[in-house]
1. Top to bottom by accessible area (1.4 Å), largest first, where do K229, K17, K235 land?
2. Looking only at the chain, where both bridge partners belong to it, what percent of the DSSP beta bridges are antiparallel (to the nearest 5)?
3. Sorted by mean Cβ packing within 10 Å, highest first, what order do the peptides 158-171, 103-116 take?
4. Pairs K117/K167; K88/K117; K117/K229; K167/K199: which exceed 30 Å Cα-Cα?
5. Give me the Debye-computed log₁₀ of I(q)/I(0) at q = 0.11, 0.16, 0.17 Å⁻¹ for the chain, equal point scatterers on Cα only, no solvent, two decimals.
6. Using a Gaussian network for the chain with springs between C-alpha atoms less than 10 Å apart, which of these wobbles most: L150, L101, L274?
7. Rounded, prolate or oblate: which fits the range 101-217, taking a ≥ b ≥ c as square roots of the Cα gyration tensor eigenvalues, rounded meaning a/c under 1.5, else prolate when a/b beats b/c?
8. Please give the length that would be gained between R221 and T179 if that part of the chain were fully extended, namely 0.36 nm times their separation in residues minus their C-alpha to C-alpha distance (nm, one decimal).
Amino acid sequence: MALGRPTTVAAYLIKGKETALIDTGYASSAEIVRKDLADSGLYAIDHLLPTHVHLDHSGACGTLAAFFDTASIRVHPKGEQHLIDPTKLCEGARVIFGDNLMKAYGRPQPISASRVKVINDGEEIDLGKGMTLRSVWTPGHASHHLSYILEEIGMVFTGDAVGIRSKRFPILIPTTPPTSFNLEVALGSLQRLRQLSPKQLLTPHYGVVGSARDEIDANIRSLEVWVAKIGEMLKAGTTIDSMVALMAEEISRHLPNPMELPDFLLTSIRLSVLGVVRYLNLSDRRTRIVK
Ligand SMILES: [Zn+2]
């Protein structure tokens, strides 16, 4: 229930002897998460585990870390500094989202360096009661992105390694934002998740997916098609605004009940278009340098 909307972004609670919260939502919805936990009788969390430091995943981390003052905070090494001092992260986000959205997202609170610890690829967190979380680095959406697998059950908490798909909008929308989306790396991460043979995917946008392999395969296809289409438009000199409008129109057409897409989805599409354009321009520059 972030930004006044249900199913905006998921935070997943895992209870063994110890408790872990994978992703935390926006800074502006920290109180909703805290209250939901309290309503479930939870007044302490042992591990706060953002999959990456984008504002919808780790924004609430600082506020929750202050409230759950014994929790350890684990993050990819490239994300560590942004949790300790979110200034640079917020400046970068403001350029992309503008003042109004930044106000709605809320300001992430800094976390003392002594409480933030990196988590390496393959590192395990034993929660007790037969619940072991293992970190699986899955860069591509961002260079510092990671997922978790709950070993004993074969549940994978994907973070944004997979696209947006919800009950209301049952079509995959890739999440390929600036500044570090990379197609080859993202596809490699999806293959990596596939090789784990997960039984379920727990996605942030939004919910639990039972047919995990099919969903991963669908994500691989949709990413390839998405980047190819934007590439064609880029070559044809299409403006960013027109690309967003065309992609939104296409997504809407493929919905069971075609409709005009709401603003928040248009924001996601714009972000994903910007990320692909940046990635393609960089690849193009690299090719020209090699030539
Ligand atoms: Zn993200």
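1. Putting K229, K17, K235 in descending order of accessible area: K235, K17, K229.
2. Values: 21 of 32 bridges.
The answer is about 65 percent antiparallel.
3. On the way: 158-171: 21.1, 103-116: 16.8.
Per-residue mean Cβ counts within 10 Å order the peptides as 158-171, 103-116.
4. Listed pairs above 30 Å: K117/K167; K117/K229.
5. After summing over all Cα pairs, the log10 values are -0.63, -1.36, -1.53.
6. L101
7. Cα axes put the range 101-217 in the rounded bin.
8. Numbers: separation 42, 0.36 × 42 = 15.12 nm, distance 2.22 nm.
Working it through step by step, the gained length comes to 12.9 nm.
The values are calculated or read from the model by the stated rules, or taken from the named source; none is laboratory data. Values in this document were obtained by computation on a predicted structure and should not be read as measured data. Please note: Cβ atoms are built from the backbone with ideal geometry, for glycine as well, and neighbour counts cover all protein chains shown. Note: areas computed on protein heavy atoms with side chains; ligands, DNA, RNA excluded. Shrake-Rupley method; radii C 1.70, N 1.55, O 1.52, S 1.80 Å.
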